Structure formats: structure tokens, C-alpha cells
Amino acid sequence: MTLYDFNILELNERMEAVNQYGAFIDNHVTNTERCNLYAIDMFFVEVHYDAEHNTITDVTAFKAGKNLDKYSNINTI
């Protein structure tokens, strides 16, 4: 599956692809957001959760960039 193929899927289809092909990497939890990071082939997928309503709010895919920064243990100034 390519990043393009993933991005043209509907939300439910993207979650199905994450469940079927994704390898869990890490999670990120703050007071305002909860996210899980997965890898599929050559790209990453971030699943955003609404903890108050126990629902998935967004599923975004990317190859690199600042979306990965929050999963790093390095504190940036």
C-alpha cells in the first residue's frame, strides 16, 4: 500500500488498513490529545482519539517531518 492509496480511503477504510497492515510504534498523550503512531510500508499513520467520547477523530498519514517530533524523547527549545 502506498501513501497515496491510503490517503484516498475513507476514514473507516483507513482504520481497517491500520488494523490490518500497521505496526504500532508509539503513543502520545497530553491533556488535549491522544495519538497512536503506526508504520505501514514506507509511511507513518497517526490515529487521533477523543478520550472524552472514546472515538477516533482523525487518521493522518505522512512520510516524515514535524509530525514525528512529538514521539521523540528529545526535548526541543
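Can you send over the solvent-accessible area of residue 13, 1.4 Å probe, protein chains only, in Å² to the nearest 10? Result for residue 13: roughly 90 Å² accessible. For residue 57, the residues 5 or more places off, or on other chains, whose built amide H falls under 5 Å of its own are 48, 49, 50. Taken over the chain, the alpha-carbon convex hull comes to 94 cubic angstrom per residue.
Using a probe of 1.4 Å, the accessible surface attributed to residue 5 totals some 70 Å² when neighbouring protein chains are kept in position. With every protein chain in place and a 1.4 angstrom probe, the accessible-area ranking of 29, 59, largest first, reads 29, 59.
Of the residues 49, 38, 21, 4, the one with the largest accessible area comes first in the ranking 4, 21, 49, 38, computed with a 1.4 Å probe on protein heavy atoms. In this structure the amide hydrogen of residue 26, modeled in the peptide plane, comes within under 5 Å of the amide hydrogens of 37, none closer than 5 places in sequence on its chain. Each label was represented as a point 7 Å from its Cα along the Cα-to-Cβ direction; for residue 51 and residue 28 these points are 1.5 nm apart. On the principal axes of its alpha carbon atoms, the range 1-41 extends 32, 19, 15 Å, with the longest extent given first.
The values are calculated or read from the model by the stated rules, or taken from the named source; none is laboratory data. All of these numbers come straight from a predicted model, not from anything done at the bench. Cβ atoms come from the backbone with ideal geometry, glycine included; neighbour counts cover every protein chain shown. For accessibility, only protein heavy atoms count, side chains too; no ligands or nucleic acids. Shrake-Rupley method; radii C 1.70, N 1.55, O 1.52, S 1.80 Å.
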